[in-house]
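Enquirer: A single structure is presented below for examination.
The values are calculated or read from the model by the stated rules, or taken from the named source; none is laboratory data. The model shown is predicted, which means the values in this text are computed figures rather than measured ones. FYI the Cβ positions are ideal-geometry reconstructions off the backbone, even for glycines, and counts take in every protein chain you see.
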């Protein structure tokens, strides 16, 4: 469900699903954990393919952030529509660094 | 038709065919045996008749020479008695044989009648001869002799012809036997010719001067007949006869040709030429007697050969019958044995297997299958059947285990379901029924996605007159979310009731967020308070969808811009939102399950559709509005089920104050 790409030593994780809901959240969490445990702490999560995230999906996202800890950073790129509204509603826009595109996210993280 | 019938009928049919064939063969052999028996009987009778005929011819010659007075009467009569006794013995034997063989020979009665008639006539002739041989009749006897001779000759001929009649009836098919019969017939002619001449020539030699032409012609005829008989005998010799027969014939012929024939020729020539013959009548009689006995030896040899052949044939036929009977018995035994073997080795085991198969097919696993130690197809079938049975037993055991497991699962499931249903009842009783407290009327809509929900809400009247309320949506759904929601319900209700006056509302949320165990799922909520004395209300929005305010004039506003969920991030801060809620104004709080409800095509209901619906139904009372919303959502989903828990809490400030009637 995830595809990864390393740019400027930053791991770009692209979610290849339309939804992150209760049925997908555990797998998403596992795969993200594997990336983090592999030593990546600069991650850009590309949510441009995702239309909908439910409460379980949001919980999984937050748990990844917690796992990354204070030294790492998890930027979110390409969140639109319902996903963007969810981030606003839950104030996650203040927790995750949101970017319009992967490029700008990578650029900001590399700086 | 069953296989046992096919096999047994086939075996029985083959066996019957075999037995019928053998039976036919036995019938043929029996017929041959009967024929051989008849031949033997016929031959025995004819043998006696032939010897009887010869003896009668001999008696005739003896009597004749006595009648013509050529012989010394005293010794001649003695000899004659012997000869007569011989004739009687032979004819007696012949009669006895005919009687004995009555069963196998046809038409024996006429033969018997002929023989007894001839014997009577012989008796008469003998009486005549005895009278003529008396001392007073010397001359008359000589005159009467030729007539007597003729009568005796007729009897000899009749005896001969009776023998030929029997031969005619039982004619042998074997060429050697036929030839031997022919040889005997010709030998009889020869013997008779010589015997006649024995008598006639004796008389002619006695007084050759008085002999007439008639008598000489008769002698000559007899001589010619004898020569012809020899020619006929020689003509038969091409057939492969036995060596002893050939030797007997050629010896007799040689004897005849070297001594008798030339002598008879010279005597005849002397008689014709009226020259006195060189030989006396007695010498002639003895010589002829020797020749006759030579011929008799030949005849006896022929009879012996025929008898032996017939006896050999008879015993061969007997052996054949015995052999074929033994074969019949053997065949019958073999057929019986095959039927028994087919029954025992094929039919019964097959029937047993077929029964066992049918019972196995009926799932009867109690059948016992024998352990056969045979290596043929039936053994293989039996082995396969044993495997089938073992598999069937294994299968049944597995099925039984499955059923037990299934029943256990069903029990466990029904127990779980009962528990959940009880929990659902409890959860529902925790929710406040529609009521009015201190001028605030409220209504709820609660639809869990399964039996119990992660959603909950409550309305609580504080002692200071304020009305506190909350709606919670725990992340996820199901039992875990429901348990957390119950904990929240209790914690929030208590917090509202025990909050000391002046403590800001957001403090409660901060406190709960800080105390929230990290392992539990987070939740979103609206916590609020309506001041019954002022027109104000306030809420804390913690990640929950923004509520709607329906003004008494029908306008709909969305308030709040969000906030952190509770239990997600420690040290999160919360803001209180204060707003006007005048008489008739309504606050519409809902969980995200409402706007995220999807139709069959996966399209969400959305805030826009919710706002439109609420605007449209803004004039209706809260209960009716919630009913309508419920209907619309059911139609939207196209089913009774939901993917996420859904709840709505509507609070309305009454236009006028009413006494409190319910507190939860």
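Enquirer: Could you list all residues from region B:347-366 that are more than 23 Å from the chain's Cα centre (by Cα) and surrounded by 11 or more Cβ atoms within 10 Å (Cβ to Cβ)?
Expert: Matches in region B:347-366: B:364, B:365.
Enquirer: Separate question: Here's a check for you: in region A:35-54, which residue that is without any contact (Cβ under 8 Å) to a residue 12 or more places away in the chain and on the phi < 0 side of the Ramachandran plot is farthest from the other protein chains (Cβ to nearest Cβ)?
Expert: Only one residue tops the list, namely A:38.
Enquirer: Same structure, new question: Pick from B:239, B:249: which is under 15 Å from residue B:186 (Cα atoms) and either part of a helix (DSSP H, G or I) or in the same structural domain as residue B:180 (by TED's automatic domain parsing) (or both)?
Expert: B:249 is the lone residue from the list that is under 15 Å from residue B:186 (Cα atoms) and either part of a helix (DSSP H, G or I) or in the same structural domain as residue B:180 (by TED's automatic domain parsing) (or both).
Enquirer: Still on this structure: Please enumerate the residues belonging to region B:168-188 that are in contact with a helix residue (DSSP H, G or I) (Cβ under 8 Å, 6 or more places away or on another chain) and surrounded by fewer than 18 Cβ atoms within 10 Å (Cβ to Cβ).
Expert: Matches in region B:168-188: B:169, B:171, B:174, B:176, B:182.
Enquirer: I'd like the residue in region A:84-111 that is crowded, with 18+ Cβ neighbours inside 10 Å and within 10 Å of chain B (Cβ to nearest Cβ) and, out of all such residues, is farthest from residue B:605 (Cα to Cα).
Expert: Filtering first and then ranking leaves A:95.
Enquirer: Moving on. Residue by residue through region B:594-607, note down the ones that are more than 12 Å from every other protein chain (Cβ to nearest Cβ) and outside any loop (DSSP other than H, G, I, E, B).
Expert: B:594 - this is the single residue of region B:594-607 that is more than 12 Å from every other protein chain (Cβ to nearest Cβ) and outside any loop (DSSP other than H, G, I, E, B).
Enquirer: So which residues in region B:556-573 are more than 8 Å from every other protein chain (Cβ to nearest Cβ) and either surrounded by 23 or more Cβ atoms within 10 Å (Cβ to Cβ) or out of contact with any helix residue (DSSP H, G or I) (no Cβ under 8 Å at 6 or more places or on another chain) (or both)?
Expert: Of everything in region B:556-573, those that are more than 8 Å from every other protein chain (Cβ to nearest Cβ) and either surrounded by 23 or more Cβ atoms within 10 Å (Cβ to Cβ) or out of contact with any helix residue (DSSP H, G or I) (no Cβ under 8 Å at 6 or more places or on another chain) (or both) turn out to be B:557, B:559, B:560, B:566, B:567.
Enquirer: Assess whether residue B:465 counts as being touching a residue at least 60 places away in the same chain (Cβ under 8 Å), in the same structural domain as residue B:643 (by TED's automatic domain parsing), part of a loop (DSSP other than H, G, I, E, B) and over 27 Å from residue A:55 (Cβ atoms). Explain how you work it out, then say what you get.
Expert: Numbers: touching a residue at least 60 places away in the same chain (Cβ under 8 Å): yes; in the same structural domain as residue B:643 (by TED's automatic domain parsing): yes; part of a loop (DSSP other than H, G, I, E, B): yes; over 27 Å from residue A:55 (Cβ atoms): yes.
Spelling it out, residue B:465 is indeed touching a residue at least 60 places away in the same chain (Cβ under 8 Å), in the same structural domain as residue B:643 (by TED's automatic domain parsing), part of a loop (DSSP other than H, G, I, E, B) and over 27 Å from residue A:55 (Cβ atoms).
Enquirer: Given the structure, is residue B:8 at pLDDT below 90, over 27 Å from residue B:193 (Cβ atoms) and part of a helix (DSSP H, G or I)? Break it down into steps so the answer makes sense when it comes.
Expert: Details: at pLDDT below 90: yes; over 27 Å from residue B:193 (Cβ atoms): yes; part of a helix (DSSP H, G or I): yes.
Yes; evaluated as a whole, the condition is true for this residue.
Enquirer: Would you confirm whether any residue within region A:74-83 is free of Cβ contacts under 8 Å to residues at least 60 places away in the same chain, assigned to a helix (DSSP H, G or I), more than 13 Å from chain B (Cβ to nearest Cβ) and under 12 Å from the mean Cα position of the chain (by Cα)?
Expert: no
Enquirer: Condition first: at pLDDT below 85 and touching a helix residue (DSSP H, G or I) at 6+ places or on another chain (Cβ under 6 Å). Now tell me which residues in region B:351-385 satisfy that.
Expert: Once the filter is applied, which keeps residues that are at pLDDT below 85 and touching a helix residue (DSSP H, G or I) at 6+ places or on another chain (Cβ under 6 Å), region B:351-385 yields B:365, B:367, B:369, B:372.
Enquirer: Please go through (1) farther than 20 Å from residue B:572 by Cα; (2) away from chain A (no Cβ under 14 Å); (3) assigned to a helix (DSSP H, G or I) for residue B:442 and return the number of the only condition it doesn't satisfy.
Expert: Of the numbered conditions (1) farther than 20 Å from residue B:572 by Cα; (2) away from chain A (no Cβ under 14 Å); (3) assigned to a helix (DSSP H, G or I), the odd one out for residue B:442 is (3).
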